[in-house]
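Quick notes on the structure that follows.
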Amino acid sequence: MPIVVITQLVKAYGAHRVLDRLNLEIAAGEIVALMGKSGVGKTTLLSCILGFEKPDSGSIEIDGYDVAGVAIEERRLAYVPQDYGLFPHLSVRDNIAFGMTIRKKPHTEIDQRVQELLHTVELPKIILNRGVDRLSGGERQRVALARALAVEPKLFLFDEPLSAVDIETRGEVGAELRRNIKKLNIPAIVITHDPNDARTLADTIYRLEGGVLQKTTIKA
Amino acid sequence: MERHKKQYTEQVLTVFAFSWIAWFLFPILFLIGALVFKFSALQPIISDDRFWWAFIISLISAFVVVVLTALFVVPTAYVFAYKEFRFKKFLETLLIEIPQTLPPVAVGVIYVFAFGVHSPIHLAFTFAAVVIAKLIVSAPFALGYVLRKFREIRASKIDLVARSLGANTYTVIFRVLVPMARQDIIAGLTLAWARAMGEFGGSLIFAGVIAYKTEILPTYANRIVHTDPFLALGATAIMVLFSIIALTTARIVLTKKKI
């Protein structure tokens, strides 16, 4: 039973159909990489899934529900941009708690949940009061995951997650990210332009071309 | 030969740069020098209550300008950073660049016609006129700073993360954009305040120079500069002092920031 089902999605700008009856299914816990040249429509597809752009036709179902007309803040998606997008003005604790704080959950509940999440992503408690500018790359990644998990997302959306990582450690960081996502058993879409990153991270790789997705394999 | 040429270039560059610096330092050094040698000239200022009124009207009107700017700058910057609408580029220039380069006389003349004696809304030669004349030349600094920072945040997509975590527009603005842009907002408002303190042309024409009512430090100094130059110099010293304090504060706030 797939968690994400995208059917016959069309999005055009003027006469140009960026997405042309695009289909995609993602199973529970599956990591899917979307590749393609810049300007080919990866961002458009991402924006449609997130809810920033309205598709012209077709449907997006997440966990059995059509999300058309559902605002982004109600879609329960975890968007993670390049460099993880931690809030620089908040501590680790407040970053992780963000989704619960804005839902006005009681303090004790938030604190307990933050502790659980730290445990899940294997971060030490001592890190909680630190500013996010004092974290290592690996710690930043885990904080971003914990923050996303706090709102129990149905789907992760990673936007070029490794492009800010230097080339020497890229494979290692990618493998760790994959391990972490897999452990959570939440499906993920990874947008990337780098074939190596796609191979490190994903179970299935698609290439976006001519408005549709083609399954592809990348040789080492 | 090659090395010699390089040294020569360096020397020429230095001479140019330092001549430029000297030219801009001159008024401030002159002011300090004049005050040091003629400190007694400040005496009449302290006992001139018309001066103190001008000082207080300057302070209060600049403060009102900052409050109004603070109230409008965040929503306006948000709209310009996130919404697409017709003539956006032009309107942005109208709100930021044009007021900064507009001849102050023009501002005064336009307002006198719009809100003068022949207009149904009569504001000319009132305290409100001082505020209005100051607002148009001061607020653009703050908007420029805040808009640039909001665009930077938008490009980093951190606001998108907040939305995907469940934040609506209100929450994005007050929990992400404003705290992240805090230093830029403070710096922008400080500059707006400094500009408001120094505004002259628009106030002169639109608000006039009415003692104890619309006379501000610049118009006070202008009125007496030829009849009582030392009094004018004293008033100038206070304005310069305030603007240096404001600019230094803005600079410290901006360099301190980590974000």
Point to revise | Selected residue [of a type outside the set (D, E, K, R), part of a helix (DSSP H, G or I), in contact with an Asp or Glu (Cβ under 7 Å, 6 or more places away or on another chain) and surrounded by 10 or more Cβ atoms within 10 Å (Cβ to Cβ)] from B:ALA54, B:ALA81 | key: B:ALA54
Check your understanding: Just for segment A:110-144: of the residues that are of a type in the set (A, V, I, L, M, F, W, C) and touching a strand residue (DSSP E or B) at 6+ places or on another chain (Cβ under 8 Å), which one is surrounded by the most Cβ atoms within 10 Å (Cβ to Cβ)?
Key -> A:ALA144
Check your understanding: Taking B:LYS134, is it open to solvent by less than 20 Å² (accessible area, probe 1.4 Å) and assigned to a helix (DSSP H, G or I)?
Key -> yes
Check your understanding: Tell me, which residue of segment A:102-128 that is free of Cβ contacts under 8 Å to residues at least 40 places away in the same chain and under 13 Å from A:ASN180 (Cβ atoms) is farthest from the other protein chains (Cβ to nearest Cβ)?
Key -> A:GLU122
Practice item. Just one of (1) within 13 Å of another protein chain (Cβ to nearest Cβ); (2) hydrophobic (A, V, I, L, M, F, W, C); (3) open to solvent by less than 10 Å² (accessible area, probe 1.4 Å) trips up A:ALA71, so point out which. Key: (3)
Exercise for review: Sort through B:ILE98, B:ILE158 and tell me the only one that's away from chain A (no Cβ under 14 Å) and either more than 30 Å from A:ASP159 (Cα to Cα) or in contact with a Pro (Cβ under 8 Å, 6 or more places away or on another chain) (or both).
Suggested key: B:ILE98
Exercise for review: Output the residues belonging to segment A:22-42 that are open to solvent by less than 10 Å² (accessible area, probe 1.4 Å) and among the aliphatic types (A, V, I, L, M).
Suggested key: A:LEU22, A:LEU24, A:ILE26, A:ILE31, A:VAL32, A:ALA33, A:LEU34, A:MET35
Point to revise | From B:ARG195, B:ARG163, residue being at pLDDT below 95, under 28 Å from B:ILE46 (Cβ atoms) and either within 14 Å of another protein chain (Cβ to nearest Cβ) or within 18 Å of the chain's Cα centre (by Cα) (or both) | key: B:ARG195
Practice item. Among what's in segment A:46-65 and is more than 12 Å from every other protein chain (Cβ to nearest Cβ) and either of a type in the set (Phe, Trp, Tyr) or under 18 Å from A:ALA188 (Cα atoms) (or both), pick the residue that is most open to solvent (accessible area, probe 1.4 Å). Key: A:TYR65
Review point. Farther than 25 Å from B:ILE96 by Cα and either at pLDDT below 85 or not assigned by the TED database to the domain that holds B:THR126 (or both), is that true of B:ILE210?
Key: no
Revision key, fill the gap. Of the residues in segment A:129-140 that are part of a helix (DSSP H, G or I) and modelled with pLDDT of 90 or more, the one that is farthest from the other protein chains (Cβ to nearest Cβ) is A:GLU139
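The values are calculated or read from the model by the stated rules, or taken from the named source; none is laboratory data. Note that the structure is predicted; figures quoted are calculated from it, not measured. Don't worry about glycine lacking a Cβ; one is built from the backbone with ideal geometry, like all the others, and counts go over all protein chains shown. These accessible areas exclude ligands, DNA and RNA; they are computed on the full protein's heavy atoms, side chains included. Shrake-Rupley method; radii C 1.70, N 1.55, O 1.52, S 1.80 Å.
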